[in-house]
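The values are calculated or read from the model by the stated rules, or taken from the named source; none is laboratory data. Since we're looking at a predicted model, the values are computed, not measured. Don't worry about glycine lacking a Cβ; one is built from the backbone with ideal geometry, like all the others, and counts go over all protein chains shown. Heads up: the accessible areas ignore ligands, DNA and RNA and are worked out on the full protein's heavy atoms, side chains in. Shrake-Rupley method; radii C 1.70, N 1.55, O 1.52, S 1.80 Å.
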Amino acid sequence: MRPAPVTRATPLGVVLLLGACGPADEVPGEAAGDGDPAPLVAVREVFAQVPVVGDVSDLHLLGDEIVLVAGTCGAAEIDLATGEVLAEVSFDLPCPPFLGSRIVDVDGDGSLEFARFSAGWVGPTAVLERDGSPRWVEPTPARCDRLFDVDGDGRLEVLVAEPNSPDVRLLDHAGEVVWSRTWTKGNLDAWPWDVDGDGADELLDVDGEALHVVGRDGRELHATRPPGSAYVNAVRFVTASGAPRDARVLVGDHQHGRQVYHAYGQDVRTYLGTHGRELALSFVGTQSLRRRGATLHAKLENRKKQAWPAGHESSRLRLTVLDPGTGATLEDWIDPEGQELARADGALLPLGGDPCRFLVGYGPTIWKFVLD
């Protein structure tokens, strides 16, 4: 990465109380009624501006001092103590706005790379070096939302397929084809999941009729059809504690004009009940924060406003934090500074400490939160 101009954090001094802004001396819990939990309170400030990355899509802590930032167009290293941008790089590839990058160790050698891809529709799929140069590029879009490890060797693979095609290919960490298969009649995304707990991922695929579990060779191991299902269309994974009957996997199903989710155990065979969309998704997509010995559930949701006749015209990021032990919550809405629309869904990085600290990246901006 090349040295960057000095960029320092600009404090906003925003105090968040149940998502509202108020004076710094506002007393937590005054708005709560009898028996209601006191709301969580956080102070938010701008930590750094990193326009070179495009829209922030991933954050990673290097040791105790440097934050590595990846986005749609580039990457940067930032001093954790000061918010100074120490180095920045533009990716040596075209910069379509839909392609966020992930910070990964693709070959298991202990060093980090950037994987840039999008599930289902937009190519290319690529792995880039830390200096922004491509290690390998595959023109075909990915058919999954993250890299995975099907053989448990510590090196990552990715599934690719042309849009609307049942023909899929597994690429290894070097971008070489491991196998090609024609799957079910479906053309939806696939989801990696360790079904049997052996440390290697299987792949879950849906086709409207059932959920199919696919092994490391791309061949089906077994299929599960949820009871009473109409159109099986999605898979979600439980990330928060407290899910009904300790469910691990949620299988989406559109029936009678509404979306429901069938809950399963890790083996995707043990049926644990069916739930409405709101309840089911409250346990999905969360990250853990630690505060005063308790585990909190934090969640980011990129809410995009539809444009006519297609695409999106604006967006806002919704941050929610829940203390499941007390029911106390925090909600904040974040705008993509300097632009109307952030297509990448942002990133959250826990920093630990007491009080609880974490970073949120959205658009070209990174914010620091201190949760009292």
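Things worth noting here:
- Picking from residues in region 123-142 that are open to solvent by less than 10 Å² (accessible area, probe 1.4 Å) and not in a strand (DSSP E or B), the one that is modelled with the highest pLDDT is GLY132.
- Some residue of region 111-122 being under 27 Å from LEU349 (Cβ atoms), among the small types (Gly, Ala, Ser), at pLDDT 95 or above and open to solvent by 60 Å² or more (accessible area, probe 1.4 Å): no
- Unmet requirement for LEU203, which otherwise passes all of (1) touching a Pro at 6+ places or on another chain (Cβ under 9 Å); (2) open to solvent by 30 Å² or more (accessible area, probe 1.4 Å): (2)
- Scanning region 89-113 for residues that are in contact with a strand residue (DSSP E or B) (Cβ under 6 Å, 6 or more places away or on another chain), within 13 Å of VAL56 (Cα to Cα) and not hydroxyl-bearing (Ser, Thr, Tyr) yields LEU99, GLY100, ARG102, ILE103.
- Count of region 219-269 residues, restricted to those that are more than 30 Å from VAL178 (Cβ to Cβ) and either open to solvent by 70 Å² or more (accessible area, probe 1.4 Å) or not charged (D, E, K, R) (or both), is 24.
- Failed condition for ARG102, given (1) buried (at least 18 other Cβ atoms within 10 Å of the Cβ); (2) touching a residue at least 60 places away in the same chain (Cβ under 8 Å); (3) not in a loop (DSSP other than H, G, I, E, B): (2)
- Near pairs, Cβ below 9 angstrom, 6+ apart or cross-chain, from region 157-178 (part of a loop (DSSP other than H, G, I, E, B)) to any residue that is among the aliphatic types (A, V, I, L, M) and open to solvent by 50 Å² or more (accessible area, probe 1.4 Å): ASP172/VAL178; GLY175/VAL137
- Every listed requirement among (1) surrounded by fewer than 18 Cβ atoms within 10 Å (Cβ to Cβ); (2) touching a strand residue (DSSP E or B) at 6+ places or on another chain (Cβ under 7 Å); (3) within 30 Å of ASP92 (Cβ to Cβ) is met by GLU209 save one, (3).
- Out of LEU18, LEU59, sole residue that is modelled with pLDDT under 50 and surrounded by 14 or more Cβ atoms within 10 Å (Cβ to Cβ): LEU18
- Residue count for region 344-363 under the criterion of being surrounded by fewer than 22 Cβ atoms within 10 Å (Cβ to Cβ) and assigned to a loop (DSSP other than H, G, I, E, B): the result is 4.
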